[in-house]
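Accompanying notes for the structure given below.
No lab work stands behind these numbers, since they all come straight from the coordinates. Fair warning: this is a prediction, and the values are worked out from it, not measured in the lab. All Cβ positions, glycine included, derive from the backbone under ideal geometry; neighbour counts span all protein chains shown.
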Amino acid sequence: MGNERSTSEKKDFEKLLRLQVEPCEYFNDLQIHDILSEHRKEYFEKVGEWFKFWSLEPDKVDFPPKTILKTEGVKGDFRIMPCQIRYEGRNINSIKLVGTNEEEKVVKDKITVGKAFLYHPTDNFIAGIFDACVLSSVRTAVCAVSAFKHLSTERRSVGILGCGRIGYYTAMFLTLLDGVDEFVCYDNNPEAIENFLELTSEFDIQCKIVGSVKELIDQSSSLFISTYSRDPLVSKEDIEKGEIKFISSVGADCNSYSELHPTVASLPGKIYIDVWHSLKCGDLRSWLKEGTITEERMIELKDVISGKYTPDESGCRLFISTGFAFTDAISLDFIYQKRKNPESE
Ligand SMILES: NC(=O)c1ccc[n+]([C@@H]2O[C@H](COP(=O)([O-])OP(=O)(O)OC[C@H]3O[C@@H](n4cnc5c(N)ncnc54)[C@H](O)[C@@H]3O)[C@@H](O)[C@H]2O)c1
């Protein structure tokens with residue numbers, strides 16, 4: 001076989017072609033979970049600081065709207081999400097390449113698949129490769145709970161609709177906030193409920209399981225929705241009857257999903273969003289197309305956190321996220337900074 005080389009021949013060849021190794025670390029989903037859950041409090045607080053930084057120094061943060069591509073005849077999509085941040089004298093450059101796995105022909109029951117990459121700040125090689133499932137779920141949950149921290153007027157009884165990965169991480173960050181007494185939970189898959197109860201048993205907070213969305217709304221003062229529902233789950237009437245004071249909807253991050261009924265668009269007040277680009281997909285996109293909302297009603301969460309905008313709705317405050325590259329970049333940087341560096345051991 002022509003390509004077989006001895007070790008010394010390989011070395012000679014590498015030298016002739018000047019093929020230096022690019023140091024790169026790989027982080028799997030479980031390692032990412034371990035780092036972010038171990039340092040959850042610091043991470044949660046840091047995310048707040050980063051949002052404030054972005055609001056006050058927007059010129060130091062660059063990311064184009066995510067590119068969403070589809071393959072004809074295949075359910076789901078794949079996405080390209082780069083981001084560049086100049087933060088406290090450091091360059092944080094990242095890109096996430098993820099897919100929405102609706103076909104599940106090879107990988108089962110994992111909706112967000114793919115990898116994220118952290119570039120070396122000066123030499124531009126890839127210094128870290130990260131599984132994207134846990135990363136995406138955690139950064140979405142931290143964003144939803146940050147919105148709750150700054151928008152909620154009532155915290156006692158928190159409803160969790162969709163008890164999957166994002167639902168679990170949402171519960172994890174909620175335990176960091178004062179005033180949250182219990183979780184009321186609903187999922188239409190009993191196995192998901194069982195897993196959720198086992199995962200959240202370490203949090204020392206009461207989880208009440210209910211049998212329908214209606215019961216959930218009746219017994220909660222706020223609602224975190226993270227499902228892959230194709231049909232709306234909550235209407236304006238539900239919110240008003242249930243006296244819901246805060247809703248976070250993060251699951252409808254593509255155009256075939258929907259969590260909120262179009263009537264929700266007619267709630268009075270602003271609509272709080274993770275980023276402007278979220279108007280391009282999910283429920284917000286449909287509402288904008290139908291003309292039930294205008295861009296003027298949108299407020300980015302970062303401007304609430306920094307104090308540039310003060311919410312004043314007395315009724316339900318609505319937060320909608322479809323995800324963006326900034327929260328990926330800051331989370332990748334956090335994980336990378338917190339890793340156990342083998343060279344320092
Ligand atoms: N906004 C963002 O930034 C962002 C990031 C990552 C994922 N997502 C989206 O969030 C959603 C959830 O992601 P995940 O990783 O938590 O998925 P998951 O599969 O771990 O959890 C989703 C849960 O929702 C439940 N569910 C689905 N439809 C339901 C319904 N009609 N009623 C009650 N429960 C229902 C499922 O049984 C499941 O337990 C997906 O649509 C995903 O694409 C959004």
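Descriptive notes on the structure:
- Computed FRET value (nearest 0.05) for N189 with D62, which takes r as the C-beta separation and R₀ as 35 Å: 0.35
- Across the range 257-345, C-alpha contacts under 8 Å between residues 6 or more apart give a mean separation that, scaled by the residue count, equals a relative contact order of 36 percent.
- MRE, 222 nm, helices only [DSSP H, n ≥ 4, -39500 (n - 2.57), over the chain, to nearest 500]: -10500 deg cm²/dmol
- If only the Cβ of Lys and Arg carry +1 and only the Cβ of Asp and Glu carry -1, the dipole of the chain around its Cα centre is close to 740 debye.
- Against the chain, whose longest principal axis comes from its Cα atoms, helix 7-17 is set at around 80 degrees.
- Across the range 171-317, the mean sequence separation of Cα contacts (distance under 8 Å, 6 or more residues apart), normalised by length, yields a relative contact order of 19 percent.
- Anisotropy class assigned to the range 110-152 is oblate, per the alpha carbon gyration tensor with a/c at or over the 1.5 cut-off and a/b no larger than b/c.
- Label point at T71 placed 7 Å out along Cα→Cβ; residues across the range 86-126 whose backbone nitrogen lies under 18 Å: 97-115
- Violating pairs (Cα-Cα greater than 25 angstrom) within the set K41/K338; K52/K115; K105/K289; K214/K302; K60/K280: K52/K115; K105/K289; K214/K302
- Our estimate of slack between S212 and E88, defined as 0.36 nm per intervening residue step minus the Cα-Cα distance, is 39.9 nm.
- Mean separation of Cα contacts under 8 Å (6+ apart) over length of the chain, as relative contact order %: 17
- Taking a Cβ cut-off of under 12 Å around I126, the surrounding Lys, Arg, Asp and Glu residues balance to a net charge of -2, with basic ones at +1 and acidic ones at -1.
- Packing, as the average of other Cβ atoms within 10 Å across residues, places the peptides 93-100, 163-170 in the order 163-170, 93-100, highest first.
- Each peptide among 10-21, 115-126 gets the average number of other Cβ atoms lying within 10 Å of its residues, and from highest to lowest they stand as 115-126, 10-21.
- C-alpha long axis of helix 325-338 to longest principal axis of the chain, angle in °: 60
- Label zone at R156 (point 7 Å along Cα-to-Cβ), backbone N below 17 Å, the range 176-191: 178-185
- Peptide packing for 260-267, 51-58, 188-195 was compared via the average number of neighbouring C-beta atoms within 10 Å per residue; ordered from the highest value, the list is 260-267, 51-58, 188-195.
- For the range 32-110: rounded, prolate or oblate by the Cα gyration tensor [a/c cutoff 1.5]: oblate
- Residues with amide H under 5 Å from that of I299, placed H, sequence gap 5 or more: I271, Y272, I273
- Computed from backbone phi, the HN-Hα couplings of the range 241-254 come to 4, x, 6, 6, 9, 8, 10, 10, 10, 10, x, 7, 9, 9 Hz, rounded to whole numbers (Karplus: 6.51 cos²θ - 1.76 cosθ + 1.60, θ = phi - 60°; Gly and Pro given as x).
- Under 5 Å between amide hydrogens, built in the peptide plane, is the criterion, and for K208 it picks out F183, V184, C185 among residues at least 5 positions away or on other chains.
- Within the range 115-146, backbone nitrogen closer than 17 Å to the virtual label 7 Å beyond the Cα of R18 toward Cβ: 123-125
- Using the Stokes-Einstein relation with a Kirkwood hydrodynamic radius computed over Cα pairs, the translational diffusion coefficient of the range 143-247 at 37 °C and a viscosity of 0.692 mPa s comes to 242 µm²/s.
- Relative to the longest principal axis of the Cα atoms of the chain, helix 133-151 runs at roughly 40 degrees.
- Summing Cβ point charges (Lys, Arg +1; Asp, Glu -1) relative to the Cα centre of the range 137-324 gives a dipole of roughly 540 debye.
- Gyration tensor (alpha-carbon) shape descriptor, the chain, a/c threshold 1.5: prolate
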